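What follows is calculated from the coordinates using simple rules that are stated; it is not laboratory data. These numbers were taken from a predicted model, which means no experiment stands behind them. Virtual Cβ from ideal backbone geometry, glycine too; neighbours counted across all protein chains shown.
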Amino acid sequence: MAGIRGLIATQWSSDIRLEGKTAIVTGANSGIGKETAKDLAMRGARVVLACRDLEKAEQAVADIMREVEGASVVAKKLDLADTKSICEFVENIYNTETFLHFLINNAGVAVCAYSTTSDEFETQFGVNYLGHFFLTFLLLDLLKHSAPSRVINLSSIAHLIGKINFEDVNSEKTYHATRAYAQSKLANILFTRELARRVKGLGITVCAVDPGKVSTEIIRHLRWSLQFFLRTFSFFLKTPAEGAYTSLYCVVTPDLQSGGYYRNCAPATGSRAACDDRTASKLWALSCHLLGISWR
């Protein structure tokens, strides 16, 4: 089975150390996020696990500290479905952290039944994209202060079928779970491109990552039959640790292309829609309007 998985899982390693660096990983209580946080801790970084479920996050901290001698990891409450929670989290970060070198926007939900966030955004668009957009906006001063710094946005191969539906971005007229997920992941790549353009010259590198097909709890919203199939044939999927490789590659690799899209620890080409700078700019303006912020 390991041999079969090895056909699709990139093998990657790096001995770069990160002492004196601070990272935030959203959705780090399990799966790719937890493995990313663990690897960063092993490299000597201070890591903030930013999670909706604080109890699970604290258990993840305990797990990492047990497995990584001398790990500097803390758990903090962050609900990306609630802008009030995002503001409270950021206030806590500014009060407790002097630097922020890596912001890894990892958290996400996938293919769930229709619901809305506390701010009445469609949940997948609100959590996967808008929540991270707002979080990055609020943390930008700390990222500038800590430069060189990096923002890493997790996307998905699902962006290939994505389209930004500007007439119904919150799926209020019609809702299709897969299309909404694909829209949110396309939005993350467009956000990456536009943010990279806007912070050029400030010492902040921005990239988008496709972790690949990974066996994680994100499949919990899929139909039971599909969940059963994926769990039964999980040897075709990457492990969470393998799924974290490209995020980690984008943390430690020098001279990344800011605004780039990465898959299997290498630059990749996104869809035509993902390379549309006019759409990226339009989405940026819409996002600022929806969140009630001015970000120029």
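Between residue 109 and 128, the built amide H atoms are under 5 Å apart, and every one of these is 5 or more places off in sequence or on another chain. Dividing the mean sequence gap of close Cα pairs (under 8 Å, 6+ apart) by how many residues the stretch 117-188 holds gives a relative contact order of 44 percent. Within straight-line reach of residue 200, meaning a Cα separation under 27 Å, sit the following lysines at least 8 residues removed in sequence or on another chain: 21, 144, 163, 185, 282.
Within the stretch 140-170, report the trypsin sites (Lys or Arg not before Pro) that DSSP leaves as loop and that have at most 13 other Cβ atoms within 10 Å. Each step should come with its number before you reach the end.
Values: sites: 144, 150, 163; in loops: 163.
Sites meeting the loop and neighbour criteria: 163.
If you run the Gaussian network model on the chain, springs between alpha carbon atoms under 10 Å, then out of 103, 286, 142 the most flexible one is 286. In the chain, a dipole from Cβ-located charges (positive for Lys and Arg, negative for Asp and Glu) runs towards its positive end, and of 241, 257, 180 it is 257 whose Cα lies farthest in that direction.
Charged side chains reduced to their Cβ positions (Lys and Arg at +1, Asp and Glu at -1) give the chain a dipole of some 720 debye around its Cα centre. Ordering 131, 114, 162 by the projection of their Cα atoms onto the charge dipole of the stretch 47-188, which places +1 on the Cβ of Lys and Arg and -1 on the Cβ of Asp and Glu, puts 162 at the extreme positive end.
Comparing mean-square fluctuations of 39, 15, 277 from a GNM of the chain with C-alpha springs under 10 Å, the top value falls on 15. Short-range pairs are left out: with C-alpha atoms under 8 Å and at least six residues apart, the relative contact order of the chain is 19 percent.
For the pair the stretch 13-75 and the stretch 138-202, the centres of their Cα atoms are 24 angstrom apart. Within the chain, the longest segment free of exposed loop sites, counting GluC sites (Glu not before Pro) that fall outside DSSP classes H, G, I, E and B and have at most 14 other Cβ atoms within 10 Å, spans 173-296.
Run through all the Cα pairs of the stretch 159-214 and give the fraction in each 5 Å bin from 0, expressed as whole percent. In whole percents, the pair-distance histogram is 4, 18, 22, 20, 14, 12, 7, 2, 0. Couplings for the stretch 39-47, taken from phi via the Karplus curve 6.51 cos²θ - 1.76 cosθ + 1.60 with θ = phi - 60°, read 5, 4, 5, 5, 7, x, 6, 7, 10 Hz in order; Gly and Pro are left as x.
Tell me the mean residue ellipticity at 222 nm calculated for the chain from its helices only (DSSP H runs of n ≥ 4, each -39500 (n - 2.57), averaged over every residue, nearest 500).
Details: 10 runs with 118 residues, N = 296.
Rounded to the nearest 500, the figure is -12500 deg cm²/dmol.
Quick one: of 34/56; 34/213; 76/238; 84/173; 34/76, which pairs are farther than 20 Å apart, Cα to Cα? Before the final figure, lay out the partial values.
On the way: 34/56 11 Å; 34/213 17 Å; 76/238 28 Å; 84/173 26 Å; 34/76 14 Å.
Cα-Cα > 20 Å for 76/238; 84/173; rest within.
Between the amide H of residue 261 and those of 208, 268, distances stay under 5 Å, these residues lying 5 or more places away or on another chain, with hydrogens modeled in the peptide plane. Antiparallel beta bridges, as assigned by DSSP with both residues in the chain, represent about 10 percent of the total such bridges. In plain terms, the chain from residue 176 to residue 15 could stretch by 53.6 nm, reckoned as 0.36 nm per residue minus the Cα-Cα distance.
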